[in-house]
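Worksheet: one structure, shown below.
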Amino acid sequence: MVKAISLTVFTSCIFCSVFCEPVIYKDCSGEAGGGLSILKEVDITPCSPQPCILKRGSEDTIKVTFLPKVNITAAKSIVSGRIGLAPFFLPFPLDNPDVCKDHGIKCPMIAGKQYTFKTVLPILRAYPPDQVLVKWEMHTSDQANKVVFCWMVPVRIE
Ligand SMILES: *[C@@H]1O[C@H](CO)[C@@H](O)[C@H](O)[C@H]1NC(C)=O
């Protein structure tokens, strides 16, 4: 198991630039009914050691590489977080949830073509210094709000 994970991280690294840090994530698209894409890689930079330590007052770059299985005309990001041992996820408001605008993706996305979604996330000083399970989803905007991908990564805010 450990060997499989390190092999995955190693092979992802080959395709990564110097500043890119592939993280171990949980694919949650199954829970959401199955995703419209194949999730290839999640990079959070900086993120070392894992679980990621996000420093308040700094910024993190998030990159998600995926392969849509169908054509997708428009999509949005939906982010939430479970703080500490809370039994629920709180919505995390984004300045620009529109996936097709300023995220390195040209819409419509074409089935079978690889895309990398990119965003910079400010870690606000108002965030609680705690462990947070981040849940990041992409949903179609106009195709019955279907899940494109869903991943979860534990982080620690300091
Ligand atoms: C997806 O879009 C491409 C390019 O516009 C088109 O050639 C293809 O037929 C579309 N596929 C489906 C399933 O609609």
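What the table shows:
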item	result
When each of LYS63/LYS101; LYS26/LYS135; LYS69/LYS106; LYS26/LYS106; LYS63/LYS135 is checked by Cα-Cα distance, pairs over 20 Å	LYS26/LYS106
Cβ-placed point charges (K, R +1; D, E -1), dipole of the chain about Cα centre in debye, nearest 20	180
Among ILE123, PHE92, PRO154 - extreme Cα towards positive end, dipole of the chain, charges at beta-carbon	PRO154
5 Å binning of all Cα-Cα separations within region 87-158, expressed as whole percents from 0 upward	3, 11, 21, 26, 17, 12, 7, 3, 0
Overall dimensions of region 108-147 as given by Cα atoms, namely Rg and Dmax in Å	15.1, 40
Cα-Cα pairs of the chain separated by more than 29 Å (percent)	15
Scaled radius of gyration (Cα, divided by 2.2 N^0.38 Å) that region 63-104 gives	1.48
HN-Hα J in Hz across region 109-121 - Karplus 6.51, -1.76, 1.60, θ = phi - 60°, x for Gly and Pro	7, 9, 3, x, 9, 7, 10, 10, 7, 10, 8, 10, 10
Inter-probe distance in nm under a simple model that places probes 7 Å from Cα toward Cβ, at SER58 and LYS26	2.5
Amide hydrogen neighbours beyond the local backbone of ALA74, cut-off 5 Å, H modeled	SER141, ASP142
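Where a number appears in this text, it was derived from the coordinates with a stated rule and is not lab data. The model shown is predicted, which means the values in this text are computed figures rather than measured ones. Here Cβ is always computed from backbone atoms with ideal geometry, including for glycine, and neighbour counts include all displayed protein chains.
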